[in-house]
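A.B. asks: Next up is a structure, given as structure tokens.
Just so it is clear, none of the values below were taken in a lab; they were calculated from the coordinates. Only a predicted model underlies this, so the values are computations on that prediction, with no experimental measurement involved. Please note: Cβ atoms are built from the backbone with ideal geometry, for glycine as well, and neighbour counts cover all protein chains shown.
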Amino acid sequence: MTKARLLIVDDEIDMLRLLERSIGTELGWEIATVQSGEEALELIEKSPFDLALVDIRMPGMDGIELLERIKAFDPWLTVVMMTAFGVIEVAVESIKKGAYDFITKPFEQDDLIRLLEKALERSLLLRENLNLRQRIKKEETFQSLVGITPSMQRVYDTIQMISKTDVTVLITGESGTGKNLAAKAIHDLSPRSTKPFVRVNCPTIPENILESELFGYKKGAFTHATQDKQGLFQEARGGTIFFDEIGDIAPSLQTKLLQALEDKEIKPLGQNKTVRVDVRIVASTNCDLKTKIEAKEFREDLFYRLNVVNIQMPALRERREDITLLVGYFLDKYCAEFNVGKKRISPDLMPLLLDYPWQGNVRELANTIERGVIMAPREWIQVDDIGWNRSPFRSKLGSDQMFELPYREAKQQVMEQFNVKYINHMLQQNGGNVTRAAQQCGLERQSLQQIIKKCRIDPNDFR
């Protein structure tokens, strides 16, 4: 393993020697020392460092100015500040300007070592993800799906294997995991790619309309049927028909859909004879169809007809190594789409993106980056630009630090965190449908809407 590289900047030669000796002995890092900001910048421009330990009070260029110039040259370099004067205002200023933390002289060696070890962990995390960001190439995307983790590679391999056949496919996974993209990839890589790809968004088409939309109808079949109309099955002739969120299809239609799948024939409304259809069937769902089968809400024979091959799309929290790749992909996409200059994620924001639970999965991440691209006034997208200035994931509630807060503030943060987690879960369970989520919560729809608005949650992230 390569040794960590630490740059120490202090105008006192005795302090430099002491720090070099103690840190080198304790941690075994490669250490460089300089007595001025100018010398520090020369070294940083010549070779990369993992950390910089910088004294605030120095003649000529002081530590604050050096910090600013370091961040301008390399925003990802982790900087720890030292001060012998205990001036909190100066230390706070350094944090605002991008320092990771500070320590006040005289300090205990153990305290400094612990601080540097934590700082190195952060530095390595940021560097690793920066390297991943820079590795985004064509081979790291697959038919608009982005990811290099083993779970995504399995998805790619399965799609490639089945795309040349006409086998029926059921794509499962939470909302926002990319089921639509997987379905389109199956079509685009198949011999049917030059024919239509027809998507049926099952939850959005009313039950009384879906049947006529799928199978078509003859003139006079019902009151407003003033002319013949082809159904979606016929529109997809020779291509692929994709039933998006098929778990929401009404039981009354499941029997007719099963018959169409088995016989490869449909009967338009108002017509006595059947019509032969040549389509490939792909379906998706974000719900547990086996649970629906037990509840008599979904036909078991239809499930097995659809589930010839299953593709499970992994949740984003299960493939966090892909987050940086996805962030870079969406940055490039939305900067081009909105015709704005290049935008980058600030080093302070990236760790939050990596730690965030992403209940809405890739779609929620995409919406977050899109918001940042639109709202950031400068090149670097900051925490406030994506609306996370009051995010509960930045609170102190992850540890015993919550007990350092006043009672009212601690209680407020606990409630905020509970509301966000609970409502996210309910919206995810119900595919972003606020009415169904309210019923499951036991709340009035208007009450739930107020909570959603207060928590700054977008139900569209879960659809």
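A.B. asks: To the nearest 20 debye, what is the magnitude of the charge dipole of segment 217-348 about its Cα centre, counting +1 on the Cβ of each Lys and Arg and -1 on the Cβ of each Asp and Glu?
C.D. replies: Rounded to the nearest 20 debye, it is 420 debye.
A.B. asks: A further question follows. As I understand it, the dipole of the chain uses +1 on the Cβ of Lys and Arg and -1 on the Cβ of Asp and Glu, about the Cα centre. Which of ASN433, ALA236, TRP380 lies farthest toward its positive end?
C.D. replies: Going by the Cα projections, it comes out as ALA236.
A.B. asks: Using amide H atoms built in the peptide plane, which far-off residues or other-chain residues are under 5 Å from ILE171 H to H?
C.D. replies: Under 5 Å from the amide H of ILE171: ALA283, SER284, THR285, ILE311.
A.B. asks: Measure off 7 Å from each Cα along the Cα-to-Cβ vector at ILE293 and CYS335, then give the distance between these two points in nanometres to one decimal.
C.D. replies: Once both label points are built, they end up 4.8 nm from each other.
A.B. asks: Can you classify segment 5-134 as rounded, prolate or oblate using the Cα gyration tensor, where a ≥ b ≥ c are the square roots of its eigenvalues, rounded means a/c under 1.5, and otherwise it's prolate if a/b beats b/c and oblate if not?
C.D. replies: Since a/c stays below 1.5, the shape of segment 5-134 is classed as rounded.
A.B. asks: Relative contact order (percent) for the chain, with alpha-carbon contacts under 8 angstrom and 6 or more residues of separation?
C.D. replies: 12 percent
A.B. asks: Too long at a 21 Å Cα-Cα cut-off: which of LYS71/LYS118; LYS342/LYS453; LYS71/LYS342; LYS411/LYS454?
C.D. replies: Distance filter (> 21 Å) returns LYS342/LYS453.
A.B. asks: Further question: Can you list the HN-Hα couplings for segment 42-56, worked out from phi with the Karplus curve (6.51, -1.76, 1.60; θ = phi - 60°), rounded to whole Hz and with x for Gly and Pro?
C.D. replies: 4, 5, 5, 6, 7, 8, x, 10, 7, 9, 10, 10, 10, 6, 6
A.B. asks: Out of THR158, MET350, ILE186, whose Cα points farthest toward the positive end of the dipole of the chain (charges: +1 Lys, Arg; -1 Asp, Glu; placed on Cβ)?
C.D. replies: Value: ILE186.
A.B. asks: While we're on this one: How many nm is it between the label spots at SER22 and LYS218, if each spot is 7 Å from the Cα in line with the beta carbon?
C.D. replies: Result: 9.3 nm between the two label points.
A.B. asks: Another one. Grab the beta carbon distance between GLU45 and GLN143, set R0 = 35 Å, and tell me the FRET efficiency rounded to 0.05.
C.D. replies: Efficiency at R0 = 35 Å is approximately 0.25.
A.B. asks: Checking the cross-link filter: which aspartates and glutamates have an alpha carbon closer than 12 Å to that of LYS164, excluding same-chain neighbours under 8 positions apart?
C.D. replies: In chain and number order, the partners are ASP188.
A.B. asks: Rounded to two decimals, what is the ratio between the C-alpha radius of gyration of segment 150-224 and 2.2 N^0.38 Å?
C.D. replies: Computed over Cα atoms of segment 150-224, the ratio equals 1.43.
A.B. asks: Right, another one. Got a sec to turn the phi values of segment 26-35 into Karplus ³J(HN,Hα) couplings, 6.51 cos²θ - 1.76 cosθ + 1.60 with θ = phi - 60°, whole Hz, x for Gly and Pro?
C.D. replies: Result, ordered by residue: 6, 10, x, 7, 7, 10, 10, 10, 9, 9 Hz.
A.B. asks: Hey, how much of the P(r) for segment 49-98 falls beyond 19 Å, as a percent of Cα pairs?
C.D. replies: Cα-Cα pairs in segment 49-98 separated by more than 19 Å: 17 percent.
A.B. asks: Full-extension gain between ASP263 and ARG378, please, as 0.36 nm times their residue separation minus the C-alpha to C-alpha distance.
C.D. replies: Gain on extension, ASP263 to ARG378, equals 35.5 nm.
A.B. asks: In cubic angstrom, how much convex hull volume per residue do the alpha carbon atoms of segment 191-335 span?
C.D. replies: Cα-based convex hull of segment 191-335, divided per residue, equals 167 Å³.
A.B. asks: Compute and list, largest first, the equivalent-ellipsoid semi-axes of the chain from the alpha carbon gyration tensor, each √(5λ) rounded to a whole angstrom.
C.D. replies: Working through the eigenvalues yields semi-axes of 56, 24, 18 Å.
A.B. asks: Which lysines does LYS256 reach when only Cα atoms under 17 Å apart count, and residues fewer than 8 places away in its own chain are ignored?
C.D. replies: Within the straight-line limit of under 17 Å, LYS256 reaches these lysines: LYS264, LYS267, LYS273, LYS296.
A.B. asks: Got a sec to turn the phi values of segment 198-206 into Karplus ³J(HN,Hα) couplings, 6.51 cos²θ - 1.76 cosθ + 1.60 with θ = phi - 60°, whole Hz, x for Gly and Pro?
C.D. replies: Those phi angles translate into 10, 9, 10, 7, 4, x, 8, 9, x Hz.
A.B. asks: For the ranges 325-333, 95-103, 239-247, 53-61, what's the packing order if you count other beta-carbon atoms within 10 Å of each residue, average per peptide, and put the highest first?
C.D. replies: Order by mean packing, descending: 239-247, 325-333, 53-61, 95-103.
A.B. asks: Please compute one quarter of the surface area of the Cα convex hull for segment 317-387 and express it in square nanometres.
C.D. replies: For segment 317-387, averaging the hull's shadow over all directions gives 4.2 nm².
A.B. asks: Using the 10 angstrom Cβ neighbour count as an exposure proxy, how do LEU112, LEU316 rank, fewest first?
C.D. replies: Listing LEU112, LEU316 from fewest to most nearby Cβ atoms yields LEU112, LEU316.
A.B. asks: Still on this model: Suppose we look only past 16 Å in the calculated P(r) of segment 231-296. What percent of the Cα-Cα pairs does that tail hold?
C.D. replies: 52 percent
A.B. asks: To the nearest 20 debye, what charge dipole does segment 5-134 have about its Cα centre, counting +1 at the Cβ of each Lys and Arg and -1 at the Cβ of each Asp and Glu?
C.D. replies: The dipole of segment 5-134 has a size of about 440 debye.
A.B. asks: Here's another thing I want to ask about it. Using a Förster radius of 60 Å, what is the FRET efficiency between ASP301 and ASP348 based on their Cβ-Cβ separation? Nearest 0.05, please.
C.D. replies: Between ASP301 and ASP348 the formula returns 0.65.
A.B. asks: Right, here's the next one. So if I place +1 on the C-beta of Lys and Arg and -1 on the C-beta of Asp and Glu, and nothing else carries charge, what would the dipole magnitude of the chain be about its Cα centre? I want it in debye, nearest 20.
C.D. replies: Taking the Cα centre of the chain as origin, the dipole is about 2580 debye.
A.B. asks: Taking 41 Å as R0, compute the FRET efficiency from the Cβ-Cβ separation of GLU68 and GLU318 and round it to 0.05.
C.D. replies: For GLU68 and GLU318, the calculated efficiency is 0.55.
A.B. asks: Quick one: length gained pulling ASN310 to ILE451 fully straight, 0.36 nm per residue minus the C-alpha distance?
C.D. replies: Result for the pair: 47.1 nm of gain on full extension.
A.B. asks: Would you mind telling me the antiparallel percentage of the DSSP bridges in the chain, rounded to 5?
C.D. replies: Antiparallel bridges: around 10 percent, rounded to the nearest 5.
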